[in-house]
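K.L.:
Have a look at this one before I ask anything.
The values are calculated or read from the model by the stated rules, or taken from the named source; none is laboratory data. Keep in mind the model is a prediction, meaning the values are calculated, not measured. In this analysis, Cβ positions are derived from the backbone assuming ideal geometry, glycine residues included, and neighbour counts consider all displayed protein chains.
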Amino acid sequence: MERIPEPEVMDNWEEAREYDAMDFTQVNQEFTELAIELGPETGLILDAGTGTARIRF
């Protein structure tokens, strides 16, 4: 079977710039709070994020 990839959300620099300019503050904060709530109380976590580092632990 031949793999047919889905179209990219950002096919060019302009689309990438528009996406980068979007404000994801609220959803990123909600994600961080939920991840902390569901994660371990002690120990280490691996933050293997990619991108522009807008979600930090």
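K.L.:
Residue check: is Thr50 hydroxyl-bearing (Ser, Thr, Tyr), part of a loop (DSSP other than H, G, I, E, B) and either at pLDDT below 90 or out of contact with any Gly (no Cβ under 6 Å at 6 or more places or on another chain) (or both)?
P.N.:
It is true that Thr50 is hydroxyl-bearing (Ser, Thr, Tyr), part of a loop (DSSP other than H, G, I, E, B) and either at pLDDT below 90 or out of contact with any Gly (no Cβ under 6 Å at 6 or more places or on another chain) (or both).
K.L.:
Which condition from (1) of a type outside the set (Phe, Trp, Tyr); (2) touching a Lys or Arg at 6+ places or on another chain (Cβ under 7 Å); (3) without any contact (Cβ under 8 Å) to a residue 12 or more places away in the chain is the one that Pro40 breaks?
P.N.:
(2)
K.L.:
Six or more apart or on different chains, Cβ under 8 Å: which pairs go from a residue in the range 43-56 that's closer than 17 Å to Glu30 by Cβ to one that's part of a loop (DSSP other than H, G, I, E, B) and of a type in the set (Val, Ile, Thr)? Could you list them?
P.N.:
Final answer for the pair search is Gly49/Ile55.
K.L.:
Additional query: Could you tell me whether Phe31 is surrounded by 10 or more Cβ atoms within 10 Å (Cβ to Cβ), touching a residue at least 24 places away in the same chain (Cβ under 8 Å) and part of a loop (DSSP other than H, G, I, E, B)?
P.N.:
no
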